[in-house]
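The values are calculated or read from the model by the stated rules, or taken from the named source; none is laboratory data. Values in this document were obtained by computation on a predicted structure and should not be read as measured data. So basically every Cβ, Gly included, is an ideal-geometry build from the backbone, and we count neighbours across all protein chains shown.
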Amino acid sequence: MNALAQFTAVAGLSLAAAGATWLAKGRPAFPEPKVAVCDKALIKDDEICPADVPEDVLWIDARPRPEWMENGLEGSVLWNLDPKEDARVFEAQAATRIFESGASLVVVYCGTEACGTSRIIADRIKSLNLGPTVKILFGGWDALRLRDSS
Amino acid sequence: MKLFLSAWIALATTLAAAGLKFEESLIEVPAPIDAETVTRDFKFTNTGDTTLVIREADAGCSCLAVQVAGGKLSYAPGEIGTLRAKFELGSFQGTVDKPINIWLQGDPDEKPSNTVTMRVHIPQIISLEPRTLKWETGSEPVMQVLEIGMDYEKPVHVKSVASSNPDFEVKLVTVEEGKKYHVEVTPKRTYTPGLSIIRIETDLEIKKHSIQQSFAAISPRIDKK
């Protein structure tokens with residue numbers, strides 16, 4: 001049997017097996033996000049582990065607007081760095097919510113652990129000097145998804 | 001056998017340490033005052049012994065577009081490449097650090113092989129100090145001053161000042177025409193909490209920076225234990 005025929009046979013068998021699995025078990029589940037374990041001793045001073053976030057927190061969602069609209073946390077305030085958005089409006093909305101909620105802790109999250117947007121937003125909130133402590137969620141949205149699914 | 005094992009571990013360690021080496025891990029970019037975008041190149045070399053494939057390069061922000069020059073993703077040992085980062089300034093002011101993560105083939109999602117940073121310095125033409133004026137409930141409703149400073153080649157005049165909350169009175173005072181202004185802010189009363197957004201409109205020709213805002217807040221008194 002030549003190489004091409006062997007390849008075709010292997011590929012065909014693999015596809016048939018995959019198809020049978022799909023039919024038997026249904027569509028594959030959405031993959032679990034991979035997030036580094038949050039170790040309080042190792043995270044930066046301005047970060048917080050998902051497990052340590054209290055109930056009465058004000059969330060700031062630093063992801064793009066479509067993602068916030070799709071699955072942003074209930075009560076979260078949108079504030080991202082999209083140049084097409086109005087940064088002044090974000091700032092005013094966040095300041096108003098921080099003031100009205102009386103929250104003592106504001107936590108900013110973006111999409112992933114590697115995303116750096118939440119630190120920029122957190123620094124901006126801190127510069128307003130409105131009162132509450134401002135932290136960045138270690139692991140970002142992926143970590144929240146993992147926490148809520150476990 | 002021991003010698004073979006040691007040699008194998010040494011080789012594996014060397015290979016693990018090798019990878020893409022960037023000439024600069026941090027590039028500082030002074031942005032021109034009226035620029036819409038700034039672009040910089042991060043040059044890198046494959047210092048390993050095997051071909052490396054870039055799986056993804058991402059800054060996690062729609063404000064920063066990252067591309068590998070020429071769309072080339074595979075790099076043989078010793079080969080040089082360029083990562084091009086284009087930052088859209090929008091209404092940013094001050095210094096902005098944007099990390100760019102680079103994942104190679106085989107990297108776990110949570111741990112990119114490389115991270116480089118583009119630090120953009122955007123001139124702050126209009127400064128406001130402080131950003132939030134504060135009173136406590138029950139305190140004397142005394143006037144406080146918001147200072148406005150202009151740092152631009154031409155004079156910048158404040159056209160108007162307005163408070164979003166009628167419980168705060170604002171009065172514009174010119175300290176030095178086109179250069180320095182004060183906004184005197186006085187709450188009418190302080191027995192209930194309240195927040196005001198103070199909007200400052202100027203004649204700055206760079207429209208995206210011509211309107212600024214600051215805050216005035218009467219916060220609940222926190223009794224010390």
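Taking into account only those residues within the stretch B:45-64 that are free of Cβ contacts under 8 Å to residues at least 40 places away in the same chain and away from chain A (no Cβ under 14 Å), which is farthest from A:Glu85 (Cα to Cα)?
Of all residues in the stretch B:45-64, those free of Cβ contacts under 8 Å to residues at least 40 places away in the same chain come to B:45-51, B:61-63.
Retained after the next criterion (residues that are away from chain A (no Cβ under 14 Å)): B:45-51.
On the way: B:Thr45: 37, B:Asn46: 38, B:Thr47: 41, B:Gly48: 42, B:Asp49: 45, B:Thr50: 43, B:Thr51: 41 Å.
So, considering only residues that are free of Cβ contacts under 8 Å to residues at least 40 places away in the same chain and away from chain A (no Cβ under 14 Å), the one farthest from A:Glu85 (Cα to Cα) is B:Asp49.
Output the residues belonging to the stretch B:202-218 that are within 12 Å of chain A (Cβ to nearest Cβ) and surrounded by fewer than 19 Cβ atoms within 10 Å (Cβ to Cβ).
Residues of the stretch B:202-218 within 12 Å of chain A (Cβ to nearest Cβ): B:208-218.
Once the filter is applied, which keeps residues that are within 12 Å of chain A (Cβ to nearest Cβ) and surrounded by fewer than 19 Cβ atoms within 10 Å (Cβ to Cβ), the stretch B:202-218 yields B:Lys208, B:Ser210, B:Ile211, B:Gln213.
Here is a yes/no grid of residues against (1) crowded, with 21+ Cβ neighbours inside 10 Å; (2) not in a helix (DSSP H, G or I):
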{"residue": "A:Pro54", "(1), (2)": "no, yes"}
{"residue": "A:Glu74", "(1), (2)": "no, yes"}
{"residue": "A:Pro83", "(1), (2)": "no, yes"}
{"residue": "A:Val89", "(1), (2)": "no, no"}
{"residue": "A:Thr96", "(1), (2)": "no, no"}
{"residue": "A:Val108", "(1), (2)": "yes, yes"}
{"residue": "A:Ile121", "(1), (2)": "yes, no"}
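How many residues are facing chain A (nearest Cβ under 10 Å), farther than 24 Å from B:Pro155 by Cβ and of a type in the set (Lys, Arg) if we restrict to the stretch B:117-134?
1
Scanning for something in contact (Cβ under 8 Å) with a residue 60 or more places away in the chain, surrounded by 14 or more Cβ atoms within 10 Å (Cβ to Cβ) and farther than 22 Å from A:Arg97 by Cα, does the stretch B:125-136 turn up at least one residue?
Here is the first cut: in the stretch B:125-136, the ones in contact (Cβ under 8 Å) with a residue 60 or more places away in the chain are B:125-126, B:128, B:130-136.
Checking which are surrounded by 14 or more Cβ atoms within 10 Å (Cβ to Cβ) leaves us with B:125-126, B:128, B:130-136.
Filter again for farther than 22 Å from A:Arg97 by Cα, leaving B:125-126.
Yes: one or more hits.
So, restricting to strands (runs of 3 or more DSSP E) that lie completely within the stretch B:161-209, which ones have at least 1 residues that are among the hydrophobic types (A, V, I, L, M, F, W, C) and free of Cβ contacts under 8 Å to residues at least 24 places away in the same chain? Before the answer, list the steps.
Details: elements: B:168-176, B:180-187, B:194-202.
So the answer is B:168-176.
Taking the residues in the stretch B:97-116 that are within 12 Å of chain A (Cβ to nearest Cβ) and touching a Lys or Arg at 6+ places or on another chain (Cβ under 7 Å) as candidates, determine which candidate is nearest to B:Glu28 (Cα to Cα). Explain how you work it out, then say what you get.
So in the stretch B:97-116, the residues within 12 Å of chain A (Cβ to nearest Cβ) come out as B:97-103, B:107-116.
Then drop every residue that is not touching a Lys or Arg at 6+ places or on another chain (Cβ under 7 Å), which leaves B:97, B:103, B:107-110.
Details: B:Asp97: 9, B:Trp103: 22, B:Asp107: 27, B:Pro108: 29, B:Asp109: 27, B:Glu110: 26 Å.
This residue is B:Asp97.
State yes or no: is B:Lys188 surrounded by fewer than 20 Cβ atoms within 10 Å (Cβ to Cβ), over 28 Å from A:Lys126 (Cβ atoms), at pLDDT 95 or above and of a type outside the set (S, T, N, Q)? Walk me through how you get there before you give the answer.
On the way: surrounded by fewer than 20 Cβ atoms within 10 Å (Cβ to Cβ): yes; over 28 Å from A:Lys126 (Cβ atoms): yes; at pLDDT 95 or above: yes; of a type outside the set (S, T, N, Q): yes.
For B:Lys188, the condition - surrounded by fewer than 20 Cβ atoms within 10 Å (Cβ to Cβ), over 28 Å from A:Lys126 (Cβ atoms), at pLDDT 95 or above and of a type outside the set (S, T, N, Q) - is met.
Among the residues of the stretch B:170-178, is there at least one that is over 19 Å from A:Leu128 (Cβ atoms), modelled with pLDDT under 95 and surrounded by fewer than 17 Cβ atoms within 10 Å (Cβ to Cβ)? Break it down stepwise before answering.
As a first pass, look at the stretch B:170-178 and keep what is over 19 Å from A:Leu128 (Cβ atoms): B:171-178.
Then drop every residue that is not modelled with pLDDT under 95, which leaves none.
No, that holds for no residue.
Can you tell me which residue is farthest from the other protein chains (Cβ to nearest Cβ) among those in the stretch B:150-160 that are part of a loop (DSSP other than H, G, I, E, B) and in contact (Cβ under 8 Å) with a residue 40 or more places away in the chain?
Within the stretch B:150-160, the first condition is being part of a loop (DSSP other than H, G, I, E, B), and the residues that meet it are B:151-157.
Narrowing further to those that are in contact (Cβ under 8 Å) with a residue 40 or more places away in the chain: B:152, B:154, B:156-157.
Values: B:Tyr152: 19, B:Lys154: 23, B:Val156: 17, B:His157: 20 Å.
If we take residues in the stretch B:150-160 being part of a loop (DSSP other than H, G, I, E, B) and in contact (Cβ under 8 Å) with a residue 40 or more places away in the chain, then B:Lys154 is farthest from the other protein chains (Cβ to nearest Cβ).
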